[in-house]
1. Kindly indicate whether any position in segment 114-123 is assigned to a loop (DSSP other than H, G, I, E, B) and surrounded by 16 or more Cβ atoms within 10 Å (Cβ to Cβ).
2. Filter segment 220-246 down to the residues that are assigned to a helix (DSSP H, G or I) and touching a strand residue (DSSP E or B) at 6+ places or on another chain (Cβ under 9 Å), then identify the one that is surrounded by the fewest Cβ atoms within 10 Å (Cβ to Cβ).
3. Can you give me the number of residues within segment 252-276 that are more than 19 Å from the chain's Cα centre (by Cα) and either assigned to a strand (DSSP E or B) or within 15 Å of Arg201 (Cα to Cα) (or both)?
4. Evaluate the following for Ala331: is it crowded, with 18+ Cβ neighbours inside 10 Å, over 15 Å from Val215 (Cα atoms) and assigned by TED's automatic domain parsing to the domain that holds Glu391?
5. Might you let me know whether segment 64-81 holds any residue that is more than 30 Å from His346 (Cα to Cα) and either in the same structural domain as Ala128 (by TED's automatic domain parsing) or part of a strand (DSSP E or B) (or both)?
6. Filter segment 282-321 down to the residues that are part of a strand (DSSP E or B) and surrounded by 14 or more Cβ atoms within 10 Å (Cβ to Cβ), then identify the one that is farthest from the chain's Cα centre (by Cα).
7. Of all residues in segment 283-334, how many are in contact with a helix residue (DSSP H, G or I) (Cβ under 9 Å, 6 or more places away or on another chain) and either of a type in the set (Ser, Thr, Tyr) or closer than 26 Å to Asp257 by Cβ (or both)?
8. Among Arg50, Arg40, which is the only one that is without any contact (Cβ under 8 Å) to a residue 40 or more places away in the chain, farther than 19 Å from His106 by Cα and part of a helix (DSSP H, G or I)?
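The values are calculated or read from the model by the stated rules, or taken from the named source; none is laboratory data. Keep in mind that this is a model prediction, so the values were computed, not measured. Backbone-built Cβ (ideal geometry, glycine too); neighbour counts: all protein chains shown.
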Amino acid sequence: MMRAPSLPALPRDAASAASYAVELRREFHRHPELSWQETRTQARILDELRRLGLEDVRPVAKTGATALVVGKRREPCVLWRADIDALPIPERSDLPYASRNEGVMHACGHDAHAAIALGIARVLAARASDLPGSVRFVFQPAEEASGGAEACIADGVLEQPRVGRVLGLHISADIPIGMVNVAPGPFFAAPTSLRISIEGRGGHAASPHQGVDAVLVAAHVIVALQAVVSRMTSPHESVVLTIGKVEAGYRGNVLADRANLAGTIRTYSDRVLERTVEHVRQVVVGVCAAFGASGSVEHRTTCPPLVNDPEATESVRREALAFFGEGRLLASPSMGADDMAVFLQHRPGCYFWLGARNEAKGIAGRHHDPAFVIDEDAIGLGIAFGVRIIERALRELSGR
């Protein structure tokens, strides 16, 4: 068990912003909204941005928002991105601010991301006269679906002023509060959705020899697919292959004539992805043929791998050492996915994990789980650290 380290003290303005942000986070948590449906969240964020006196406050990407803190000059400009959508998961908690939207929950921390971004905006708005450039805040919809990042970029968030670096964080329920996980290069994987269709032949369960049982074939396909990673992929390459959904059958005494499997592949490179998909296709077609069935495979990659820029990441790493202290940094890439990757394709930058687990308080949930919970002390840390790395980035960009 990783013990939570002692936490750094917050500057006075960050501590004040933390109280403000915690209340906002609880409000967002109480009223979660699914991808492309974040209308209440959007309205609340736009209202706060206007209250803070920011410039260029406007909707983007249908249900997102953006605003600008302008310093001594409009450029250089650093972009801070926060995602805002929730998941179709029923919340199981006794929190006083538990979800009131049945079947929908902030089970991945996007409520905290939005609140931290507003807290950072509050601190930087008060410091605007000292900033050597400007800061673009983007509250992005539809991270859990797809297309949100692209839609924000299409609405011009990288221009006027031109963004020179992009930054952002993801709350982590896996690492202790007071720690940061950051590394250069591939840091999140590209997610590829997988759909496998199996066609058998129906019949009566009492005469199985007269049909081709698609359920049995699906079971063998699922087992055989485990060899794609364990035996067909080099141990030096990173691949995840998961089948998460199986649909088949009509009732217990009927042989299923078809089965549909849905899953995901996670990789860091197009080359490895192409080879993995081909291996999946070979296994599916071959196993199905062995049982007299037929099988087909469809796949779709929804966003690229997230690749951190080495220079921007080193800047974040050095600031993390200064703020959190020695021994508080990890460098462990994730096989999760995040469409912050799209921003990082267009501009250099860094995305990192901020610890929010605290087993001493009984806070040890998992992402995308109905019991997901975070230590809210991470919100103040995210604000204070976010301000530091944004200000450092502006200084570095100004010195070029």
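1. Taking every residue of segment 114-123 in turn, none turns out to be assigned to a loop (DSSP other than H, G, I, E, B) and surrounded by 16 or more Cβ atoms within 10 Å (Cβ to Cβ).
2. Filtering first and then ranking leaves Gln226.
3. Summing the residues that are more than 19 Å from the chain's Cα centre (by Cα) and either assigned to a strand (DSSP E or B) or within 15 Å of Arg201 (Cα to Cα) (or both) in segment 252-276 gives 10.
4. no
5. No, the conditions are met nowhere in segment 64-81.
6. Across segment 282-321, the extreme among qualifying residues is Ser294.
7. Residues flagged as in contact with a helix residue (DSSP H, G or I) (Cβ under 9 Å, 6 or more places away or on another chain) and either of a type in the set (Ser, Thr, Tyr) or closer than 26 Å to Asp257 by Cβ (or both) within segment 283-334 amount to 16.
8. Matching residue, one of Arg50, Arg40: Arg50.
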